[in-house]
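Worksheet for the structure shown next.
The values are calculated or read from the model by the stated rules, or taken from the named source; none is laboratory data. Please read these numbers as outputs of a predicted model, since none were measured by experiment. When we count neighbours, we look across all protein chains shown, and the Cβ atoms used for this are built from the backbone with ideal geometry, even at glycine. Note: accessible area is taken over every heavy atom of the protein model, side chains too, but ligands, DNA and RNA are not part of it. Shrake-Rupley method; radii C 1.70, N 1.55, O 1.52, S 1.80 Å.
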Amino acid sequence: MPVYNEPSISEKIMSQDPKRYTITAALPYTNGPVHIGHLAGVYVPADIYARFQRLQGKDVAFVCGSDEHGVPITIKAKKEGITPQQVVDKYHGIIKQSFEDFGITFDNYSRTSAKIHHDTASAFFKELYENGKFIEEVTEQLYDADANQFLADRFVIGTCPKCGNEESYGDQCENCGTSHNATDLINPKSAITGAVPTLKETKHWFLPLDQYQSWLKEWIVDGHKKDWKTNVYGQCKSWIDDGLRPRAVTRDLDWGIPVPAEGAEGKVLYVWFDAPIGYISATKEWAAKEGKDWEPYWKDEDTKLLHFIGKDNIVFHCIIFPSMLKAEGSYILPNNVPANEFLNLEGNKISTSKNWAVWLHEYLVDFPGQQDVLRYALTANAPETKDNDFTWADFQLRNNSELVAIFGNFINRVVVLTHKYYAGEVPQPGILSEVDEQTLTELKAYPDVITSSIERYRFREAQQELMNVARLGNKYLADEEPWKTIKTDEERTKTVMYVALQIASALAVLSEPFLPFTAKKLSGILNVDATPATNLNWNAVSTKSQLLSPGHKIAEVQLLFSKIEDAQVQQQLDKLAASKKANEIMNATVEPQKETIQFDDFTKLDMRVGTIIEAEKMPKTKKLLVLKVDTGIDVRTIVSGIAESFTPEEVVGKRVTVLVNLAPRALRGVESQGMILMTETPEGKLVFVNPDASTPTSDSVLNGATIN
């Protein structure tokens with residue numbers, strides 16, 4: 001049970017809060033749609049926080065936008081045979097619409113191809129350039145002579161110098177998260193042609209991060225040890241302890257914002273210089289539409305700046321972007337950067353290229369009207385402190401056992417009984433019992449408990465406390481049994497239903513950051529307006545003794561949640577299985593043809609039809625079965641690597657094709673006197689080459705057969 005104190009934590013936090021909040025969410029690359037990994041890591045927690053602050057009546061600017069200048073854009077364009085602009089236009093539309101349909105409440109969702117962003121990023125660069133904040137250097141960069149271009153970032157792949165991942169990109173290793181330069185890679189190769197690149201001189205501008213090292217140490221290592229998440233603080237400290245080096249802010253590319261400097265023809269701003277400025281340009285764009293001044297949201301010390309990101313973006317938001325802001329001099333710095341870890345899918349890393357993902361726009365089609373179910377499942381399993389795994393079984397269980405059985409069940413019972421007993425009106429309570437008083441006191445404590453968790457960026461914990469409010473209601477009804485007392489004590493029943501309706505109205509308020517569509521539907525059922533401007537608001541839940549007055553009329557019941565059926569889950573699993581199979585086919589390596597043999601060589605093979613008469617598992621092995629096979633000329637022992645596909649009981653009596661004149665070979669101390677011919681079905685299942693089949697089938701095709 002939470003503890004209720006006076007004054008409330010909500011009131012204390014509000015009294016200490018800044019005048020306004022600038023909340024940013026990482027700009028998604030527009031080389032593909034948004035998937036659940038993006039949602040769990042960045043957009044759902046950012047939206048929960050923004051919604052919560054608005055419920056407190058705070059001045060919030062929640063901004064994001066499409067990141068349209070990254071190298072993945074140009075790679076996607078080359079693959080699809082279209083222009084980069086066509087790529088970003090396509091995916092910007094899909095992403096923006098998906099966010100709107102899912103209920104992510106950006107005050108502005110912009111794009112880095114917009115003129116206001118080009119102007120803002122160019123002006124930012126020029127300000128630093130003219131004030132001597134950059135180092136201009138001629139360096140050797142990787143160059144693909146076949147493609148006639150420099151290999152920036154993801155145009156080059158090689159071995160990560162830190163973890164040994166052989167498929168690290170030129171700017172970052174997705175295996176260990178390390179950020180580096182393309183020239184740091186071991187055995188680099190061009191992602192365009194596959195050629196081994198050479199080194200060629202080129203001029204670029206660098207931000208001298210080493211000059212900001214002592215300031216960053218003081219600001220992060222000394223200043224944010226206690227309030228930043230462990231993963232964020234640890235990664236930043238590691239970077240600073242290793243020693244910072246100048247970082248290039250320009251690239252040799254033909255897609256991006258042209259560098260506004262003398263002698264910079266054919267060069268663009270590095271995407272990680274350009275992209276975070278997108279937060280500023282998105283705020284400018286929003287302020288212009290709203291008739292506001294954008295500067296206080298970025299330059300007033302009474303503003304709290306927060307970056308919601310994934311762990312792969314920590315260095316850019318905590319080291320590089322703050323150094324850029326510090327170099328410019330007039331901007332505030334982030335108060336916190338609550339980065340999450342990664343979300344996996346069914347035990348495997350989410351991969352855009354392998355289509356191993358749950359795409360948001362597809363989910364919205366497959367599960368219409370069930371946005372909150374996904375929000376709830378992702379928050380309940382959020383990768384806040386470690387990588388977590390999303391499974392469709394857990395998604396179904398969270399919905400059916402928690403949202404339907406706890407939250408939905410409580411509301412359904414309260415509304416149905418209110419209409420059954422009192423024609424939908426809140427009854428006049430009698431004298432509150434000790435249980436009633438205790439229940440209402442416990443209810444009043446929840447806003448503070450949830451507030452405390454949200455302000456510490458523990459959204460999983462906060463949502464669990466929300467569900468505890470519904471559990472409180474269910475327990476109260478189960479203990480007080482109004483369906484029984486209505487027959488013996490009508491006055492007591494009125495009091496019980498009155499208390500239950502207070503809990504229901506609190507849920508309409510407290511669920512809004514986590515389950516916004518549900519909160520809206522519940523507010524409609526209860527016929528209330530749960531907003532900061534009304535008497536039914538966040539602070540009222542913890543301070544008011546009455547949220548719904550006697551005589552207030554509520555609407556008819558609606559189901560807040562519906563069960564997720566097994567067939568729906570199986571459909572999603574089948575979709576993933578199809579993706580996995582397609583990847584296996586695409587990535588399958590075909591063995592080259594062996595050296596040519598003569599017909600006489602083939603005739604030397606003596607293949608007989610035999611019958612397996614005994615079989616047993618070879619001890620201490622996973623793959624081997626020891627078989628006794630009657631070949632027609634003798635009974636011989638054959639060791640076969642099929643134990644992962646067949647049990648000994650399954651193979652006894654099987655007629656098989658045997659290569660009988662193969663030289664004996666000892667395997668784990670047992671002499672194997674032949675080989676059994678096997679093949680695979682199109683589904684990848686291992687089967688015997690069937691000597692009894694009258695027509696060629698998957699079981700009788702010798703072409704490509706493997707021998708065990």
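Taking the criterion of being assigned to a helix (DSSP H, G or I) and either open to solvent by 10 Å² or more (accessible area, probe 1.4 Å) or of a type in the set (A, V, I, L, M) (or both), the residues of the range 499-514 that qualify are 499, 500, 501, 503, 504, 506, 507, 508, 509, 510.
Table: residues versus (1) in contact (Cβ under 8 Å) with a residue 60 or more places away in the chain; (2) within 30 Å of residue 563 (Cβ to Cβ); (3) open to solvent by 60 Å² or more (accessible area, probe 1.4 Å).
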site	(1), (2), (3)
421	yes, yes, no
452	yes, no, no
464	yes, yes, yes
467	yes, yes, no
480	no, yes, no
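Do we have residue 457 as aromatic (Phe, Trp, Tyr) and either surrounded by fewer than 20 Cβ atoms within 10 Å (Cβ to Cβ) or over 24 Å from residue 409 (Cβ atoms) (or both) here? Yes, satisfied.
The residue list 179, 238 contains one member that is open to solvent by less than 70 Å² (accessible area, probe 1.4 Å), within 30 Å of residue 453 (Cα to Cα) and small (Gly, Ala, Ser), which is 238.
Within the range 30-66, restricting attention to residues that are in a loop (DSSP other than H, G, I, E, B) and of a type in the set (S, T, N, Q), the residue that is surrounded by the most Cβ atoms within 10 Å (Cβ to Cβ) is 30. Here the range 371-391 is the region considered, the condition is being part of a loop (DSSP other than H, G, I, E, B) and without any contact (Cβ under 8 Å) to a residue 60 or more places away in the chain, and the residue that is farthest from residue 45 (Cα to Cα) is 391.
Residues being within 34 Å of the chain's Cα centre (by Cα) and open to solvent by less than 80 Å² (accessible area, probe 1.4 Å): count how many of those fall in the range 545-574. Before you say what the answer is, go through the steps one by one.
First, pick out the residues of the range 545-574 that are within 34 Å of the chain's Cα centre (by Cα): 558-574.
Checking the rest, the ones that are also open to solvent by less than 80 Å² (accessible area, probe 1.4 Å) come to 560-562, 564, 567-569, 572-573.
Residues meeting the conditions: 9.
If we keep just the residues of the range 108-136 that are polar (S, T, N, Q) and crowded, with 21+ Cβ neighbours inside 10 Å, which is farthest from residue 287 (Cα to Cα)? This residue is 113. Give the residue that is surrounded by the most Cβ atoms within 10 Å (Cβ to Cβ), with candidates limited to residues of the range 378-414 that are hydrophobic (A, V, I, L, M, F, W, C) and within 12 Å of the chain's Cα centre (by Cα). Here the answer is 378.
Residue 20 - would you say it is among the basic types (Lys, Arg), modelled with pLDDT of 95 or more, within 27 Å of residue 311 (Cα to Cα) and within 23 Å of the chain's Cα centre (by Cα)? Answer is no for this residue.
Conditions tested, residue by residue: (1) over 25 Å from residue 48 (Cα atoms); (2) in a helix (DSSP H, G or I); (3) modelled with pLDDT under 95; (4) open to solvent by 10 Å² or more (accessible area, probe 1.4 Å).
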{"position": "254", "(1), (2), (3), (4)": "yes, no, yes, yes"}
{"position": "265", "(1), (2), (3), (4)": "yes, no, yes, yes"}
{"position": "281", "(1), (2), (3), (4)": "no, yes, no, no"}
{"position": "293", "(1), (2), (3), (4)": "yes, no, no, yes"}
{"position": "301", "(1), (2), (3), (4)": "no, no, no, yes"}
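The single condition from (1) closer than 22 Å to residue 387 by Cα; (2) of a type in the set (D, E, K, R); (3) free of Cβ contacts under 8 Å to residues at least 40 places away in the same chain that residue 312 fails is (3).
Looking for something assigned to a helix (DSSP H, G or I), charged (D, E, K, R), open to solvent by 40 Å² or more (accessible area, probe 1.4 Å) and closer than 16 Å to residue 506 by Cβ - is there at least one such residue anywhere in the range 438-448? It would help to see each step written out before you state the result.
Start the filter on the range 438-448 by keeping residues that are assigned to a helix (DSSP H, G or I), which leaves 438-448.
Adding the requirement that they be charged (D, E, K, R) leaves 442, 444, 448.
Then drop every residue that is not open to solvent by 40 Å² or more (accessible area, probe 1.4 Å), which leaves 444.
This time we only want the ones that are closer than 16 Å to residue 506 by Cβ, so: 444.
Yes, some residue in the range 438-448 is assigned to a helix (DSSP H, G or I), charged (D, E, K, R), open to solvent by 40 Å² or more (accessible area, probe 1.4 Å) and closer than 16 Å to residue 506 by Cβ.
Among the residues of the range 352-370, the ones that are part of a helix (DSSP H, G or I), surrounded by fewer than 22 Cβ atoms within 10 Å (Cβ to Cβ) and among the hydrophobic types (A, V, I, L, M, F, W, C) come to 2 in all.
Only residues that are of a type outside the set (Gly, Ala, Ser), open to solvent by 20 Å² or more (accessible area, probe 1.4 Å) and in a helix (DSSP H, G or I) were counted across the range 521-544, and they come to 3. If you go through the range 303-345 and keep only what is closer than 27 Å to residue 356 by Cα, surrounded by fewer than 20 Cβ atoms within 10 Å (Cβ to Cβ) and either polar (S, T, N, Q) or over 28 Å from the mean Cα position of the chain (by Cα) (or both), you end up with just 344.
Rundown of residues vs (1) without any contact (Cβ under 8 Å) to a residue 60 or more places away in the chain; (2) within 30 Å of residue 201 (Cβ to Cβ); (3) within 25 Å of the chain's Cα centre (by Cα), yes/no style:
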| residue | (1), (2), (3) |
| --- | --- |
| 37 | no, no, yes |
| 80 | yes, no, no |
| 96 | yes, no, yes |
| 100 | yes, no, yes |
| 130 | yes, yes, no |
| 152 | no, yes, no |
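Do any residues in the range 346-363 that are free of Cβ contacts under 8 Å to residues at least 60 places away in the same chain and under 15 Å from residue 394 (Cβ atoms) have Cβ atoms under 6 Å from those of residues that are of a type in the set (A, V, I, L, M) and open to solvent by less than 20 Å² (accessible area, probe 1.4 Å), where the two are at least six apart or on different chains, and which pairs are they? The qualifying pairs do not exist here. Mind checking whether some residue in the range 484-491 is of a type in the set (Asp, Glu) and part of a helix (DSSP H, G or I)? Scanning the range 484-491, I find at least one residue that is of a type in the set (Asp, Glu) and part of a helix (DSSP H, G or I), so the answer is yes. In the range 67-107, which residue that is assigned to a loop (DSSP other than H, G, I, E, B) and open to solvent by 30 Å² or more (accessible area, probe 1.4 Å) is nearest to residue 290 (Cα to Cα)? Applying the filter and picking the extreme gives 107. Screening the range 545-584 for residues that are without any contact (Cβ under 8 Å) to a residue 60 or more places away in the chain and outside any helix (DSSP H, G or I) and picking the one that is farthest from residue 409 (Cα to Cα) gives 546. In this structure, is residue 633 within 16 Å of residue 678 (Cα to Cα) and either of a type in the set (Lys, Arg) or in contact (Cβ under 8 Å) with a residue 12 or more places away in the chain (or both)? Against the criterion (within 16 Å of residue 678 (Cα to Cα) and either of a type in the set (Lys, Arg) or in contact (Cβ under 8 Å) with a residue 12 or more places away in the chain (or both)), residue 633 does not qualify.
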